[in-house]
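This report concerns only the one structure given below.
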Amino acid sequence: MLVRIFVALCLLVGLTTVPCGAEASPTDPAPPSAEAAAASDAPPAVLGLPNERNPLRGVVSGGQPTEAMLARAASLGFRTVINLRTPPEADRVPFDEPAAVEALGMTYIALPIAGADDLHLDSVNALTQLLDDPARHPILLHCGSGNRIGALLALKAYHLDGAAVDEAMAIGEAGGLTRLAPVVDALLTQAADAAETP
């Protein structure tokens, strides 16, 4: 049990300055307990998601998790799983994700984003409302690959956080934006042009 706690603590990002396996000196602060780490708003532990990212504090994002990845998230204290995949996509997952998440004691939220047609301010606002609720953290946010997550984060950065188009695109790419990049760039450029028109 102590080994599992030690491994979990070693995987937590930014929670200790002592490298895993190194002995702490008597003057080093004690590492946080697993419970304290899970309850904190520090970047959550690595889950092994495809294209995994830490786009926001308290959020791990990426592609479709497996049942084992969901179990790992639950064991590390994740509270919420937000799925951006559509119902037809979810039907192709080889297990019942909502049931698995709920059985593990986490909250499951479906926010289907079909692709370019769903990249609008209503979607951005819906996701932002969920991400801004600290009671839901830590959050596992996923779609099929992370692409839609990055797209929404780029739109959020521009429309809600006041980022310039280039900065918003960089935030989106850091969040997993790939194939939807041309669409997002066009949407942001169009919005910026409209804002400059008297």
**OP:** Measure off 7 Å from each Cα along the Cα-to-Cβ vector at Arg57 and Ala192, then give the distance between these two points in nanometres to one decimal.
**Re:** 2.8 nm
**OP:** For the range 79-198, build the charge dipole from Cβ charges (+1 Lys, Arg; -1 Asp, Glu) around the Cα centre, then report which of Ala195, Ile109, Val165 sits farthest towards its positive end.
**Re:** Ile109
Subject >> Positive-pole candidate from Leu155, His120, Gly63, dipole of the range 63-198, charges at beta carbon >> reply: Gly63
**OP:** Run through every distinct alpha carbon pair of the range 45-90 and return the Kirkwood hydrodynamic radius in angstroms, one decimal place.
**Re:** 11.2 Å
**OP:** Express in Å², to the nearest 10, the accessible area of Thr189 obtained by rolling a 1.4 Å probe over the protein heavy atoms while all chains stay in place.
**Re:** 60 Å²
**OP:** Please get the size of the charge dipole for the range 102-168, origin at its Cα centre, with Cβ charges of +1 on Lys and Arg and -1 on Asp and Glu, quoted in debye to the nearest 20.
**Re:** 160 debye
**OP:** Determine Rg/Rh for the range 130-178; Rg is computed over alpha-carbon atoms and Rh is the Kirkwood hydrodynamic estimate from the same atoms.
**Re:** 1.01
Original post:
Over all distinct Cα pairs, what is the inverse of the mean 1/r for the range 53-116, reported as the Kirkwood hydrodynamic radius in Å?
Top reply: 12.3 Å
Subject >> Label-to-label distance, nm, for residues given as Asp133 and His120 (7 Å Cα→Cβ offset) >> reply: 2.3 nm
Original post:
How big is D, in µm² s⁻¹, for the range 65-198 by Stokes-Einstein at 10 °C and 1.306 mPa s if Rh is the Kirkwood radius over C-alpha pairs?
Top reply: 102 µm²/s
Original post:
Residue-wise, which Karplus ³J(HN,Hα) couplings in Hz belong to the range 56-62, taking 6.51 cos²θ - 1.76 cosθ + 1.60, θ = phi - 60°, and x for glycine or proline?
Top reply: 9, 4, x, 10, 10, 10, x
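The values are calculated or read from the model by the stated rules, or taken from the named source; none is laboratory data. What you see is a predicted model; the values in this text were computed from it and never measured. When we count neighbours, we look across all protein chains shown, and the Cβ atoms used for this are built from the backbone with ideal geometry, even at glycine. All accessible areas refer to the heavy atoms of the entire protein, side chains included, with ligands and DNA or RNA removed. Shrake-Rupley method; radii C 1.70, N 1.55, O 1.52, S 1.80 Å.
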